[in-house]
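The values are calculated or read from the model by the stated rules, or taken from the named source; none is laboratory data. Note that the structure is a prediction, hence the values are computed from the model and not measured. Here Cβ is always computed from backbone atoms with ideal geometry, including for glycine, and neighbour counts include all displayed protein chains. Please note that ligands, DNA and RNA were not included when accessible areas were found on the heavy atoms of the full protein model with its side chains. Shrake-Rupley method; radii C 1.70, N 1.55, O 1.52, S 1.80 Å.
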Amino acid sequence: MAAGYADILRAPHAARLLAGTLVGRLPNATGHIAIVLFTRAEGGSYTLAGALAAVYGLATAVGQPLLGRAVDLCGQPRVQFPAAVVSALGMLLLALTGISSLPLAYAAAALAGLSTPPLEGGLRALWPSVLDGREERVHRAYAMDAVAQEIMFTVGPLLVTLLVALASPAAALLVINAVGVLGALSVVLSEPSRAWRSAPREAHWLGALRSPGLLALLGSFFFVGLALGSITVAGVAYADGHGGEAVYGWLMAALGLGALIGGVYYGARQWAGPAERRLRVIVALLALGYLPLILTPDPLAMTGLAAVAGLFLAPAIACAFIVVDRHAPRGTVTEAFSWLVTTFGVGAAVGTAAAGPAIELGGTAWGFAVAGAGGLAALLVLTATQRVLAAPSPAGDPAGPLAGSAENDRSGAAEPGFSSGCEA
């Protein structure tokens, strides 16, 4: 199992790109937490802290696909690093001015979120060229990427709280974003990032969203995000009645551990059959894993259920990466991956908002019922759109693995009806 991942990491530039992307995405993984802690330390209310964090999250959701399209048009170095610097400057502005001027604080949070570089989509666009286009290695890299993401979202918040304890919330804001800029710099200075060119693309205002298959996938993963977002709130309500913050920490750690185990296993195997059909099976298992949480048993049993619920998250994400690659219109691969990030994030935000009223109406079990409903809705979308997902990808690309990416075409010669380069 480990040999397959070691093979990926031994490929030239692979370890550097994975590490640089994870470090570069650290501000995005921890920004909402750092903003809340900073706002509270400045004397702001929980309402204000939540509002600033929400502005940051929504701005990130808007900026990711827009910057992803810019990467496809202009290349990675001309977009990723400047965006990282501007995002860090937004957080610097917030740290220096505080909340004395609320319009300025909101503007700073929005600037930081809107400029968050699409490093996640950029890395997935690079894997085929780094791994010589070998399908099984690229798919394993997607799984490894999903696993590493789970680790980052576990370690990142711990790092923020450590910086707050050792220095201050303002220092945490500055350090996390400075580190993020260094991570982005490491990526864009690498040879694969500098050499990568998107395939010529058809000029279309919808960009990646003109693909029906991609729209179906995004619709499903909105509900996957909703399920995950609702669990974070329902977990707090459960912990309040079963021992407090320590129990919540164990639940979230178990959820992450389950995702880690599932992702490692998924990436170590070679899977036969279409990725779209496999994704339906994985999402069905994901939904089934969420439903037992409604039982809300004692903390030990609940921790076990949380681990089971997490098992299929990373495999679902890794398999979704393959489906995105198959359905992204030619020349839009970074934008397409960025749309997946955005849709998942918006779904998580909606789930977080929906779980609160559900808990108020029916108790903790109803909060977890939102997660179960989200998982079932994600499965229904995939089932209802299976014909669309099975159809060839748009823009004349064959519906095969890596069809949408075409990263290795660096000739720069645009075909009739297509455009390339940094254009409007």
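How are the Cα pair distances of the range 64-129 distributed, in percent, across 10 Å bins from 0?
In order of increasing distance, the bins hold 23, 42, 23, 10, 1 percent.
Solvent-accessible area per residue for the chain at a 1.4 Å probe radius, Å²?
Spelled out: the 1.4 Å probe surface of the chain, per residue, equals 39 Å².
GNM, the chain, Cα, under 10 Å: largest mean-square fluctuation among ALA88, ALA318, ALA353?
In this elastic network of the chain, the residue with the biggest mean-square fluctuation among ALA88, ALA318, ALA353 is ALA353.
If I take all pairs of Cα atoms in the range 3-162, what percentage of them are more than 18 Å from each other?
In whole percent, the share of Cα-Cα pairs in the range 3-162 beyond 18 Å is 61.
Largest first and to the nearest Å, give the Cα extent of the range 84-233 along each principal axis.
So the three principal-axis extents are 50, 34, 34 Å.
Let me make sure I get this right: for the range 297-392, a, b and c are the square roots of the gyration tensor eigenvalues over alpha carbons, sorted descending. Under 1.5 in a/c it's rounded, otherwise prolate if a/b > b/c, else oblate. Which is it?
Taking the square roots of the gyration eigenvalues as a ≥ b ≥ c, the range 297-392 is prolate.
What helices does the chain have that are whole DSSP H segments, at least 27 Å long along their own axis by Cα, and with mean Kyte-Doolittle hydropathy of -1.0 or more?
Helix filter hits for the chain: 46-74, 77-97, 135-166, 169-188, 212-240, 245-268, 333-362, 364-384.
Between ALA165 and VAL179, with labels modelled 7 Å along Cα→Cβ, what's the label distance in nm to one decimal, could you check?
1.4
Taking a quarter of the surface of the Cα convex hull of the range 54-97, what do you get in nm²?
About 3.1 nm², averaged over all directions.
Report the accessible area of TYR106, computed with a 1.4 Å probe over the heavy atoms of all protein chains in place, in Å² rounded to the nearest 10.
Near enough 80 Å² of accessible area.
Assuming R0 = 35 Å, what is the FRET efficiency of LEU102 and LEU380, from their Cβ-Cβ distance, to the nearest 0.05?
So the FRET efficiency works out to roughly 0.25.
Which of the three applies to the range 19-109, rounded, prolate or oblate, going by the alpha-carbon gyration tensor with a ≥ b ≥ c and a/c under 1.5 meaning rounded?
Because a/c hits 1.5 or more and a/b exceeds b/c, the range 19-109 counts as prolate.
Percent of accessible area on the chain owned by carbon and sulfur, 1.4 Å probe?
Of the solvent-accessible surface of the chain, carbon and sulfur hold 70 percent.
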